[in-house]
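Asker: Before anything else, here's the structure in question.
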Amino acid sequence: MNIDIRYQPAYSLAIVGLNPEESIQAEAGAMVSMSPNLEVATAMKGGMLGALTRTVLGGETLFANTFTAKGGPGEITLAPSLPGDIATLPLNNATLLVQSGSFLASSPQINLDLKWGGAKTFFGSEGLFLLKASGTGQIVLSSYGAIHKIPLDGRQSYLCDTGHVVAFTQGLIFDVRRVGGWKSTLLSGEGLVCEFRGAGDLYIQTRSTQAFLSWLIPRLPGRSGGGGGAAGGVLGNILRGD
């Protein structure tokens, strides 16, 4: 399998070349284009119980698609829903913990499951569960904005805004805490942070969906109309859950 990432970091596209009979599993809706000899099989990730758990508690989609090249080599292109980066990471009998929504694709040998993150992840705005990818193969991650890798050697901790975490290796542990006192937490705009400890790699995204929505929603016109017209009003209703 050959994975070529183009157009980084704003509108990244993963171009995946498959050998005959080789497969890749991808998040539902990630496929942009593919050669006609690719066969698609759709299945629940981890069976019914695992799929429902991931969907309800982990924020992931219920189904995953497996694309297999038949009768010769094939090609498929993949992209995330939001504009941003794509990174390919090799796993060698290792485990990577991925925040909800950042998994794009992987080798079919990679096992996808959920890991209980503790109640601290609820306050960290990442949900109660993290996606656990383990095994040997390649995993493709996506982000909102560019992906930045931070290697940690275990000698000191490192702080990251909760909305910017993409993934981290299993050697790292984290706690969610305030960036300062309660006044700083409420008024500084920084909110809560994850404090990582241990040795391993931390992957962060340069933009935050929560920060973008916090900027966007107050600027949307109300139901009575306004600057954005009818389309803006409909978008505002959707984002507000009306």
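No value in this document is a laboratory result; all are computed from the given coordinates. A quick note: this is a predicted structure, and the numbers were derived from the prediction, not measured. Using ideal geometry, Cβ is built from the backbone for each residue, glycine included, and neighbour counts are taken over all protein chains shown.
Asker: As a footprinting exposure proxy, order Lys149, Lys132 by other Cβ within 10 Å, with the fewest listed first.
Answerer: Ranked by crowding around the Cβ, least crowded first: Lys149, Lys132.
Asker: How much FRET efficiency would the formula 1/(1 + (r/R0)^6) give for Val179 and Glu21, where r is the Cβ-Cβ distance and R0 is 51 Å, rounded to 0.05?
Answerer: So the FRET efficiency works out to roughly 0.50.
Asker: Please list, in order along the stretch 196-210, the HN-Hα scalar couplings obtained from phi with the Karplus expression 6.51 cos²θ - 1.76 cosθ + 1.60 (θ = phi - 60°), rounded to whole Hz, x for Gly and Pro.
Answerer: Taking θ as phi minus 60°, the curve returns 8, 10, x, 10, x, 10, 10, 10, 10, 10, 7, 10, 10, 5, 5 Hz for the stretch 196-210.
Asker: If you don't mind, another one. Just rank Cys160, Cys194, fewest to most, by other beta-carbon atoms within 10 angstrom.
Answerer: The fewest-first ordering by Cβ neighbours comes to Cys160, Cys194.
Asker: For the pair His148/Leu82, report the inter-label distance in nm, with labels modelled 7 Å from Cα in the Cβ direction.
Answerer: 1.6 nm
Asker: When Val140, Val40 are ordered from fewest to most other Cβ atoms inside 10 Å of their Cβ, what list results?
Answerer: Neighbour counts put them in this order, fewest first: Val40, Val140.
Asker: Now a separate question. For the pair Thr209 and Lys70, what calculated FRET efficiency results from E = 1/(1 + (r/R0)^6), where r is the Cβ-Cβ distance and R0 = 35 Å, to the nearest 0.05?
Answerer: It comes to 0.40.
Asker: State, to one decimal in nm, how far the label point of Asn37 lies from the label point of Met1, with both points 7 Å from Cα in the Cβ direction.
Answerer: So the label points at Asn37 and Met1 sit 1.9 nm apart.
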